[in-house]
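The values are calculated or read from the model by the stated rules, or taken from the named source; none is laboratory data. This one's a predicted model, so the numbers in the text were calculated from it and none came from an experiment. Reconstructed Cβ throughout: ideal geometry from the backbone, glycine too, with neighbour counts over all protein chains shown. All accessible areas refer to the heavy atoms of the entire protein, side chains included, with ligands and DNA or RNA removed. Shrake-Rupley method; radii C 1.70, N 1.55, O 1.52, S 1.80 Å.
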Amino acid sequence: MSRALIAGNWKMNGLKASLSQVEAVAAAVGSGHGDVTALLCLPATLVAAGSESAEGTALRIGGETCHHNVKGAHTGDISAEMLADAGASHVIVGHSERRADHGESDAVVSAQASAALAASLVPIICVGESLAEREAGRTLERIESQLAGSIPDGVGAADFVIAYEPIWAIGTGKVASTEQIAEVHGAIRAWLSGRFGASGVETLILYGGSMNPANAAEILAVDNVNGGLIGGASLKAEDFLSIYRAAI
Ligand code: PGA
């Protein structure tokens, strides 16, 4: 692959003992391989220690969400600056689990992405349709409205990453077909070109949803797929690394 990002999303998994997996990934990534970035987005409690484990290597550490405000009276929330201070380089925003569990709207996701950029983090903005939306033939309409609502004004095309994650494929073992992925990634690229002109090609578009060592190479070969956002298969260093190796 040319420029690509292989990103893990540990979700609400991982205790201090799991740092051995971060260390194993960091050791294998070493000084990096070409233009393919390896990133592990960790629960907030592990970001600082994970960053220490990855220090001196090309492995990057990210957060899984951030608050849209810079600081203040938001008990339990984490700001983008806090993640950056703990060593993060990226943060996932608008994951469908956050949109569902915490009622995060496109407007909130857009504000979170702005907060991330203000703290010099790269936001990974997630979009994806439900099974009902796909079955109703409304997939592209849904994705385009999420893109329009979730990407903040005033950003450059290379400042953020998009992750296309069909909700029905997340954690279900049901992976989207290469035709379905090609169609949506092509539509996202066309939308980005409409918004950003020639620089629309610079945005990385990741696929996420039951990606694993067995299907990674095929998915990564699809047009306009510039990497993956990997949940379950990112928890074990060996599985994550095998997906990373499929990209380098
Ligand atoms: P999964 O999760 O790989 O476990 O399907 C992907 C994600 O939700 O980011």
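Of everything listed in (1) surrounded by 17 or more Cβ atoms within 10 Å (Cβ to Cβ); (2) in contact with a helix residue (DSSP H, G or I) (Cβ under 8 Å, 6 or more places away or on another chain); (3) of a type in the set (A, V, I, L, M, F, W, C); (4) not in a helix (DSSP H, G or I), the single unmet condition for ILE188 is (4). GLU144 falls short on exactly one of the conditions (1) over 18 Å from the mean Cα position of the chain (by Cα); (2) over 17 Å from LEU220 (Cβ atoms); (3) modelled with pLDDT of 95 or more, and that condition is (1).
Matching residues to (1) at pLDDT below 95; (2) closer than 28 Å to SER120 by Cα; (3) acidic (Asp, Glu):
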{"position": "GLU165", "(1), (2), (3)": "no, yes, yes"}
{"position": "TRP168", "(1), (2), (3)": "no, no, no"}
{"position": "GLU179", "(1), (2), (3)": "no, no, yes"}
{"position": "ASN226", "(1), (2), (3)": "no, yes, no"}
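Filtering the stretch 102-128 to residues that are in contact (Cβ under 8 Å) with a residue 40 or more places away in the chain and not hydrophobic (A, V, I, L, M, F, W, C) leaves SER105, ASP106, SER110, GLN112, SER114, GLY128. All conditions but one from (1) open to solvent by less than 10 Å² (accessible area, probe 1.4 Å); (2) more than 12 Å from ILE243 (Cβ to Cβ); (3) among the hydrophobic types (A, V, I, L, M, F, W, C) apply to LEU229; the one that does not is (2). When SER51, SER20, SER2, SER89 are screened for being at pLDDT below 95 and of a type in the set (Gly, Ala, Ser), only SER2 passes. From the list GLY56, GLY30, GLY72, the one residue that fits, being farther than 23 Å from ALA116 by Cα, open to solvent by less than 80 Å² (accessible area, probe 1.4 Å), free of Cβ contacts under 8 Å to residues at least 40 places away in the same chain and out of contact with any Cys (no Cβ under 6 Å at 6 or more places or on another chain), is GLY30. In the stretch 166-181, is there at least one residue being within 14 Å of the chain's Cα centre (by Cα) and more than 16 Å from the ligand (Cβ to nearest atom)? There is no residue in the stretch 166-181 that is within 14 Å of the chain's Cα centre (by Cα) and more than 16 Å from the ligand (Cβ to nearest atom). Looking only at the stretch 203-226, filter to residues that are near the ligand (Cβ under 9 Å from one of its atoms) and on the phi > 0 side of the Ramachandran plot; which one of those is least open to solvent (accessible area, probe 1.4 Å)? Taking the candidates together, the pick is GLY209. Inside the stretch 14-27, residues that are assigned to a helix (DSSP H, G or I) and open to solvent by 40 Å² or more (accessible area, probe 1.4 Å) make up a count of 7. Could you tell me whether GLU238 is within 24 Å of ALA58 (Cα to Cα) and surrounded by fewer than 17 Cβ atoms within 10 Å (Cβ to Cβ)? So GLU238 fits the description; yes.
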